[in-house]
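**Student:** Questions regarding the structure given below will be posed in turn.
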Amino acid sequence: MSDTNEDKVTPHNALELQRCPECGYSLTALPTSGNCPECGFAYEPSLFVLYGWAAGQRATVASASRGRLVWLTIVWPIVLLLAYFDGFRRLSQGRFSFGAVFLLAMLIAWVWAFIKRREAVQIHGAPSMLLLSPRGFEQRDGSTATNAGGWNKECVLIPKAKRGDRHRIQIYTRRFRWWCVDEPNVDFEATVPFMTMEAILERAREWCPVKSSRRE
Ligand SMILES: [Zn+2]
């Protein structure tokens, strides 16, 4: 893969928009608000963008960090291969097996996701990005899936400091209800210096409560 530099991605000033989140065009020499000259994307100073990886349930081959990719592309296929080994043997003998066909379809989906991941890394330096603005949030994963929403009264942002300068950000748009399946709307990780992260959270607090856990 050509994404050898992605682990070094550190937005040294994440609060200033450096590049167009749509096409990657450099915005540093341009006014702080306007439209990207390359693709027309409208930007303004209150929008900020973090580049990183999808985390938790949102992590896929198209958007995961390398550590998670190992699980997604090596460990899981081995588990599946063992589970469907019999099916594969039957398929190789010319007999149909639902399990093996399923696994082959999954393999094709993985290759496609890898291509999408590479596209995103080539343009933006990382497979995923998180856009935050006064209007709401948007997590884009591997130039494929997008999950966006507006701030509401039940919104909560949960930051978690991980090792090094790695930070995880989760955003939920619904209050915790024990009887509901409850996935975060945003589950994202980025390598951001501690001080930058503090500044980001300071800004985000204007739009959404920042808490250390959901039951706080
Ligand atoms: Zn653009």
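**Student:** Out of all the residues in the stretch 13-22, is one or more in a helix (DSSP H, G or I) and modelled with pLDDT under 85?
**Tutor:** No, every residue in the stretch 13-22 fails to be in a helix (DSSP H, G or I) and modelled with pLDDT under 85.
**Student:** Also: Can you tell me which residues in the stretch 34-49 are closer than 21 Å to Ile123 by Cα and of a type in the set (Gly, Ala, Ser)?
**Tutor:** Across the stretch 34-49, the qualifying residues are Gly34, Gly40, Ala42.
**Student:** Any idea which of Pro21, Pro45 is away from the ligand (no atom under 11 Å from the Cβ) and not basic (Lys, Arg)?
**Tutor:** Of Pro21, Pro45, the one residue that is away from the ligand (no atom under 11 Å from the Cβ) and not basic (Lys, Arg) is Pro45.
**Student:** Check the stretch 97-117 and report whether any residue there is closer than 18 Å to Leu50 by Cα and in contact (Cβ under 8 Å) with a residue 40 or more places away in the chain.
**Tutor:** Yes, because at least one residue in the stretch 97-117 is closer than 18 Å to Leu50 by Cα and in contact (Cβ under 8 Å) with a residue 40 or more places away in the chain.
**Student:** Out of (1) in contact with a Cys (Cβ under 9 Å, 6 or more places away or on another chain); (2) of a type in the set (A, V, I, L, M); (3) more than 16 Å from the ligand (Cβ to nearest atom), what's the single condition that is false for Leu27?
**Tutor:** Every condition holds for Leu27 apart from (3).
**Student:** Here is a check on your reading of the model: is Arg140 assigned by TED's automatic domain parsing to the domain that holds Ala54 and surrounded by fewer than 18 Cβ atoms within 10 Å (Cβ to Cβ)?
**Tutor:** no
**Student:** Within the stretch 91-109, can you find the residues that are modelled with pLDDT of 75 or more and either farther than 12 Å from Pro77 by Cβ or out of contact with any Phe, Trp or Tyr (no Cβ under 7 Å at 6 or more places or on another chain) (or both)?
**Tutor:** Of everything in the stretch 91-109, those that are modelled with pLDDT of 75 or more and either farther than 12 Å from Pro77 by Cβ or out of contact with any Phe, Trp or Tyr (no Cβ under 7 Å at 6 or more places or on another chain) (or both) turn out to be Gln93, Val101, Phe102, Leu104, Ala105, Met106, Leu107, Ile108, Ala109.
**Student:** Further, regarding this structure: Go through the stretch 23-57 and give me each residue that's out of contact with any Lys or Arg (no Cβ under 6 Å at 6 or more places or on another chain), open to solvent by 50 Å² or more (accessible area, probe 1.4 Å) and not in a loop (DSSP other than H, G, I, E, B).
**Tutor:** Hits for the stretch 23-57 are Asn35, Ala42, Gln57.
**Student:** May I pose another question? Can you pull out the residues in the stretch 158-173 that are farther than 16 Å from Tyr51 by Cα, surrounded by 14 or more Cβ atoms within 10 Å (Cβ to Cβ) and not β-branched (Val, Ile, Thr)?
**Tutor:** Tyr172
**Student:** Here's another thing I want to ask about it. Restricting attention to the stretch 180-192, does a residue exist that is part of a strand (DSSP E or B), at pLDDT below 90 and in the same structural domain as Val61 (by TED's automatic domain parsing)?
**Tutor:** No; the residues of the stretch 180-192 include none that is part of a strand (DSSP E or B), at pLDDT below 90 and in the same structural domain as Val61 (by TED's automatic domain parsing).
**Student:** Run down Thr73, Thr10 and say which single residue is part of a loop (DSSP other than H, G, I, E, B) and at pLDDT below 90.
**Tutor:** Being part of a loop (DSSP other than H, G, I, E, B) and at pLDDT below 90 holds for just one of Thr73, Thr10, which is Thr10.
**Student:** Moving on to the next point. Between Glu202, Glu154, which is open to solvent by 60 Å² or more (accessible area, probe 1.4 Å), outside any strand (DSSP E or B) and out of contact with any His (no Cβ under 8 Å at 6 or more places or on another chain)?
**Tutor:** Within the list Glu202, Glu154, the selection yields Glu202.
**Student:** Tell me which residues, restricted to the stretch 106-135, are surrounded by fewer than 17 Cβ atoms within 10 Å (Cβ to Cβ) and small (Gly, Ala, Ser).
**Tutor:** Ala109
The values are calculated or read from the model by the stated rules, or taken from the named source; none is laboratory data. Since the structure is predicted, the reported quantities are computational estimates derived from the model, not experimental observations. Virtual Cβ from ideal backbone geometry, glycine too; neighbours counted across all protein chains shown. Only protein heavy atoms, including side chains, enter the accessible area calculation; ligands, DNA and RNA are left aside. Shrake-Rupley method; radii C 1.70, N 1.55, O 1.52, S 1.80 Å.
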